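Chemist: Here's a structure for you.
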Amino acid sequence: MASHSIPANLAALSAIRHLVTEACIEAGLDGSATYRLTLAVDEIATNIITHGYQEQGMTGDLVVSLDQTDQELIILLEDTGVAFDPRDRS
C-alpha cells in the first residue's frame, strides 16, 4: 500500500485529486467511475480539512493510502484532526 502524507489544508486538495485520479487510471477504471471516486474522496478530504483542522485552529497532515488488488481499489484517508460523530448532534 502506497501512503502519501499531505498537509491538511485546502490547497492540498489538488494533490489528493491527482493521486486518486492516477490510481484510478492505473486500476483501469473508466472515466465515469474515476470521476465519481475522485469526487467522493475530494468531499471527504474537504470535510476533514475544514471541520477537523481549520475550524478547530489545528494544523496537521492527511495520510492518503492507495492499494490495488485484482478486484479492488482501496483508498484510505487518515487524520489526527478533531473527530466528528454525527450521533452527538442534538
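The values are calculated or read from the model by the stated rules, or taken from the named source; none is laboratory data. A quick note: this is a predicted structure, and the numbers were derived from the prediction, not measured. Cβ coordinates were reconstructed from backbone atoms using ideal geometry, including for glycine residues, and neighbour counts include every protein chain displayed. These area figures cover heavy atoms from the full protein model, side chains too; ligands, DNA and RNA do not enter into them. Shrake-Rupley method; radii C 1.70, N 1.55, O 1.52, S 1.80 Å.
Chemist: Let me have the 222 nm mean residue ellipticity of the chain computed from DSSP H runs of 4+ only, each contributing -39500 (n - 2.57), with the sum over all residues rounded to the nearest 500.
Modeler: So the helix-based figure for the chain works out to -12000 deg cm²/dmol.
Chemist: Right, another one. Taking the full set of protein chains and a 1.4 angstrom probe, give the accessible area of Glu72 in square angstrom, rounded to the nearest 10.
Modeler: For Glu72, the solvent-accessible surface is approximately 100 Å².
Chemist: As I understand it, the dipole of the chain uses +1 on the Cβ of Lys and Arg and -1 on the Cβ of Asp and Glu, about the Cα centre. Which of Gln56, Asn9, Ala23 lies farthest toward its positive end?
Modeler: In the chain, that residue is Gln56.
Chemist: Further question on the same structure: Compute the acute angle (0 to 90°) between the alpha-carbon long axis of helix 13-27 and the principal axis of greatest extent of the alpha-carbon atoms of the chain; round to the nearest 10°.
Modeler: Around 30 degrees separate the two axes.
Chemist: Express the relative contact order of the chain as a whole percentage, based on alpha carbon pairs under 8 Å and six or more residues apart in sequence.
Modeler: Here the relative contact order equals 37 percent.
Chemist: Dipole magnitude of the chain about its Cα centre, charges +1 at Lys/Arg Cβ and -1 at Asp/Glu Cβ only, in debye to the nearest 20? Before the final figure, lay out the partial values.
Modeler: On the way: 4 positive and 14 negative charges, 57 e Å.
Result for the chain is approximately 280 debye, rounded to the nearest 20.
Chemist: Also, I was wondering about something else. Which semi-axes, in whole Å and largest first, does the equivalent ellipsoid of the chain have when worked out from the alpha carbon gyration tensor as the square roots of 5 times its eigenvalues?
Modeler: That gives 25, 14, 12 Å for the three semi-axes.
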